[in-house]
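Colleague: This is the structure I have questions about; it appears just below.
Values quoted throughout were computed directly from the atomic coordinates according to the rules given, and no laboratory measurement underlies them. This is a predicted model, so every value here is computed, not measured. Here the Cβ positions follow ideal geometry from the backbone for every residue, glycine too, while neighbour counts run over all protein chains shown.
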Amino acid sequence: MTFTTRRIVTRHDAQGRSMIGSDSVIESQPGKMQSEISIANLWLHETLPPNLNGDDPTAKDFPVLPSNAGAVFRVLELQPGTQPHMHKTQTIDYIVVLQGELTMTLEDGKAVTMKPRDTMVQRATVHGWANRGDKPCRFATVVIDATTKR
């Protein structure tokens, strides 16, 4: 199943004044790892500091994960019954549940269920997302390339 989300991007005009650069609807695409997951890629920056001018970076192929201290912003939707795919990324992820319920399972087998307006900061841990509810779960995430030091 797919969904749409409105994306508004600001920019500066030739005189340096703020304005709306684009106001568009983004159509989600089926997930690459699980067909029960739809993804709407909203924004990307590939280095720090982010470039505040220039073309829309989402017009080109969108990476699954950021690199070189970059970040990706996307909305995902998991269908009911989606099982966790355990994985680990070298990222810090900010997650906000928009609708439905989202369950994150960790490496130790413990799980936490989030509801609308719940937030999470996921810091490069082994985890998997699941939808154990009976309605689709939609959540927004910002994934930022990071390093881990112990």
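Colleague: Which pairs have Cβ atoms under 9 Å, sit 6 or more apart or on different chains, and link a residue in the stretch 79-100 that is closer than 20 Å to THR2 by Cα to one that is among the basic types (Lys, Arg) and outside any loop (DSSP other than H, G, I, E, B)?
Modeller: Cβ pairs passing all conditions: VAL97/ARG138; LEU98/ARG138; GLN99/ARG138; GLY100/ARG138.
Colleague: Looking only at the stretch 1-50, which residues are basic (Lys, Arg) and surrounded by 10 or more Cβ atoms within 10 Å (Cβ to Cβ)?
Modeller: ARG7, ARG11 - these are the residues of the stretch 1-50 that are basic (Lys, Arg) and surrounded by 10 or more Cβ atoms within 10 Å (Cβ to Cβ).
Colleague: Quick one: count up the residues across the stretch 72-86 that are surrounded by 21 or more Cβ atoms within 10 Å (Cβ to Cβ), in contact with an Asp or Glu (Cβ under 8 Å, 6 or more places away or on another chain) and aliphatic (A, V, I, L, M).
Modeller: 1
Colleague: Out of all the residues in the stretch 51-70, which are surrounded by 14 or more Cβ atoms within 10 Å (Cβ to Cβ) and on the phi > 0 side of the Ramachandran plot?
Modeller: Of everything in the stretch 51-70, just one residue is surrounded by 14 or more Cβ atoms within 10 Å (Cβ to Cβ) and on the phi > 0 side of the Ramachandran plot, namely ALA69.
Colleague: Out of all the residues in the stretch 21-42, is one or more more than 20 Å from VAL143 (Cβ to Cβ) and part of a loop (DSSP other than H, G, I, E, B)?
Modeller: Yes, the conditions are met somewhere in the stretch 21-42.
Colleague: For residues in the stretch 43-64 being aliphatic (A, V, I, L, M) and assigned to a loop (DSSP other than H, G, I, E, B), which is nearest to MET19 (Cα to Cα)?
Modeller: Of the residues in the stretch 43-64, the ones aliphatic (A, V, I, L, M) are 44, 48, 52, 59, 64.
Checking the rest, the ones that are also assigned to a loop (DSSP other than H, G, I, E, B) come to 48, 52, 64.
Details: LEU48: 23, LEU52: 13, VAL64: 30 Å.
Among those that are aliphatic (A, V, I, L, M) and assigned to a loop (DSSP other than H, G, I, E, B), it is LEU52.
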